Amino acid sequence: MTMSDTTLSIGSFEAEPGTKVRGTVRADLGTLTADIPLTLVNGTRPGPRVVITAGVHGGEFTPIDAVVRLVGLLEPGEVRGQVIICPVANPNAVYQGRLNVSPVDGVNINRVFPGDPDGGPTERLAAWLFANLVDGADVYMDLHCGGIDQVLRDFVGYRLTGDPDLDKATAELAGSFGIEDVMIGLTAEGGNSHAAAARRGISAVLVEVGSLGQRDEPTALRRVDGLLAALRHVGVLDQDGSAPAPIRTWVWSAGVTAEATGLWYPEFSFDAEVIGEVAEGDLLGRIVDPADGTEHTVLAPAGGRIIYGMHGLTVRPGTELAALAIPWEPDTATQPNTLQVPGLGSGSDEADPRI
């Protein structure tokens, strides 16, 4: 817990108790630098340190829009503890690439956390973000949405760590956003930022709201409402008396990646609310070679609900086409080796595992 008389500092950027400051901090990435926009809200009363990031990937606009709106709503006199908000965590990917990978080095930053201060530019950026923002937080919220080529059902995800108190606190945090579907990762392994935070003992969640890089106001406001509810839950803001919404918990059952280059014609709906469920062996779609019309059928390797799917037309081997999940059951959770986690194993760097 932070104290109300503690200055909040990131590099030379500081917020005294009872203040809100906005600006940028320069991160040294070896062969180049990146200006990281930050807002520091230092409350007047003791409370947790909460870190919120958006813009980890390019082409995901709703999270950025939402956290900028949130910045305008947070007043230090109403805040307990400290809130650090980073609306664009990966400027090169956001402003230049608009894709999951950085145009600087072709690396997906959400594969390499906690980063490497002696690595390439993206690994160094991950190390800077982790050391300066995430490490030392009590609560971490990493905001994403379906990118410009992806349909997605809204969900919150978190990783099981084996620490009963931490897992319980994170489960309750995940249920506080008002989002019905909660995805449970059965281990805290991997290079996702929230997984690396979980391994450090931080209550960390991934929040996904919106598809196809949406930036419409209703989606952004829905995201803001969820963030405010979560901040009330962790004690940063006063409670409003509302009860948490019911949730459904899921675990991944399979990730589906392309095995050919061509044009992707999915059989599932592009409506994120009705993407649907499939059984093992069902037809998910076809990849058509534009040169000769050869078709490669793509079948579901397991049953489950489609949580996200590829909307883009052009794909190549390793491109993630869909991710499936099944309802969480205690006996399933004790057998992580029976589940094929999306994006792990055969997936390429463009695969996008959310948990």
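The values are calculated or read from the model by the stated rules, or taken from the named source; none is laboratory data. Quantities reported herein were computed from a predicted structural model and do not represent experimental measurements. Note that each Cβ is placed from the backbone with ideal geometry, even for glycine, and that neighbours are counted across all protein chains shown. Surface accessibility is based on the protein's heavy atoms, side chains included, excluding ligands, DNA and RNA. Shrake-Rupley method; radii C 1.70, N 1.55, O 1.52, S 1.80 Å.
Tabulated data for the structure shown
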| quantity | calculated |
| --- | --- |
| Checklist (1) without any contact (Cβ under 8 Å) to a residue 24 or more places away in the chain; (2) part of a strand (DSSP E or B) applied to Val68, failing item | (2) |
| Criterion violated by Gln82 - all others in (1) at pLDDT 95 or above; (2) of a type in the set (S, T, N, Q); (3) open to solvent by less than 10 Å² (accessible area, probe 1.4 Å); (4) not in a strand (DSSP E or B) satisfied | (4) |
| In region 30-46, the residues that are over 27 Å from Ile148 (Cβ atoms), not β-branched (Val, Ile, Thr) and not in a loop (DSSP other than H, G, I, E, B) | Leu40, Asn42, Arg45, Pro46 |
| Residues located in region 180-223, provided they are farther than 20 Å from Leu129 by Cβ, of a type in the set (A, V, I, L, M) and surrounded by 18 or more Cβ atoms within 10 Å (Cβ to Cβ) | Val182, Met183, Ile184, Leu186, Val209, Leu212, Ala220 |
| Identity of the residue in region 1-29, at pLDDT 95 or above and part of a loop (DSSP other than H, G, I, E, B), that ends up nearest to the chain's Cα centre (by Cα) | Leu29 |
| Residue pairs meeting the criteria (Cβ under 6 Å; at least 6 apart or on separate chains; first free of Cβ contacts under 8 Å to residues at least 24 places away in the same chain, in region 21-36; second assigned to a strand (DSSP E or B) and of a type in the set (S, T, N, Q)) | Arg26/Thr33 |
| Any hit, region 121-128, residues being in contact (Cβ under 8 Å) with a residue 60 or more places away in the chain, of a type in the set (A, V, I, L, M, F, W, C), surrounded by fewer than 23 Cβ atoms within 10 Å (Cβ to Cβ) and closer than 26 Å to Asp28 by Cβ | yes |
| Lone unmet requirement of (1) touching a residue at least 60 places away in the same chain (Cβ under 8 Å); (2) open to solvent by 10 Å² or more (accessible area, probe 1.4 Å); (3) assigned to a strand (DSSP E or B); (4) under 29 Å from Asp149 (Cα atoms) for Arg49 | (4) |
| Check on Tyr265, without any contact (Cβ under 8 Å) to a residue 40 or more places away in the chain and out of contact with any helix residue (DSSP H, G or I) (no Cβ under 8 Å at 6 or more places or on another chain) | yes |
| Matching residues, region 233-255, being within 22 Å of Met183 (Cα to Cα) and free of Cβ contacts under 8 Å to residues at least 12 places away in the same chain | Ala243 |
| Subset of region 129-163 (residues that are free of Cβ contacts under 8 Å to residues at least 60 places away in the same chain and out of contact with any helix residue (DSSP H, G or I) (no Cβ under 8 Å at 6 or more places or on another chain)) | Ala131, Gly162, Asp163 |
| Pair list, Cβ < 8 Å and 6+ apart or interchain, from region 293-305 residues that are over 19 Å from Ser269 (Cα atoms) to residues that are of a type outside the set (S, T, N, Q) and open to solvent by 60 Å² or more (accessible area, probe 1.4 Å) | Glu295/Arg286; His296/Glu259; His296/Arg286 |
| Close pairs from region 75-89: first at positive phi, partner of a type outside the set (Asp, Glu) and modelled with pLDDT of 95 or more, Cβ under 7 Å, at least 6 apart | Gly81/Gly43; Gly81/Pro46; Gly81/Gly47; Gly81/Pro48; Gly81/Arg49; Gly81/Val50; Gly81/Val236 |
| Region 100-113 - residue that is in contact (Cβ under 8 Å) with a residue 60 or more places away in the chain, outside any helix (DSSP H, G or I) and open to solvent by 20 Å² or more (accessible area, probe 1.4 Å) and, of those, nearest to Gly190 (Cα to Cα) | Val112 |
| Selection count, region 130-149, where residues are assigned to a loop (DSSP other than H, G, I, E, B), touching a Phe, Trp or Tyr at 6+ places or on another chain (Cβ under 8 Å) and either of a type in the set (Phe, Trp, Tyr) or more than 22 Å from Gly178 (Cβ to Cβ) (or both) | 0 |
| Residues located in region 270-293, provided they are surrounded by 13 or more Cβ atoms within 10 Å (Cβ to Cβ), β-branched (Val, Ile, Thr) and at pLDDT below 95 | Ile275, Val278 |
| Top-ranked residue in region 52-79 [being open to solvent by 10 Å² or more (accessible area, probe 1.4 Å) and β-branched (Val, Ile, Thr); ranked as nearest to Gly235 (Cα to Cα)] | Val68 |
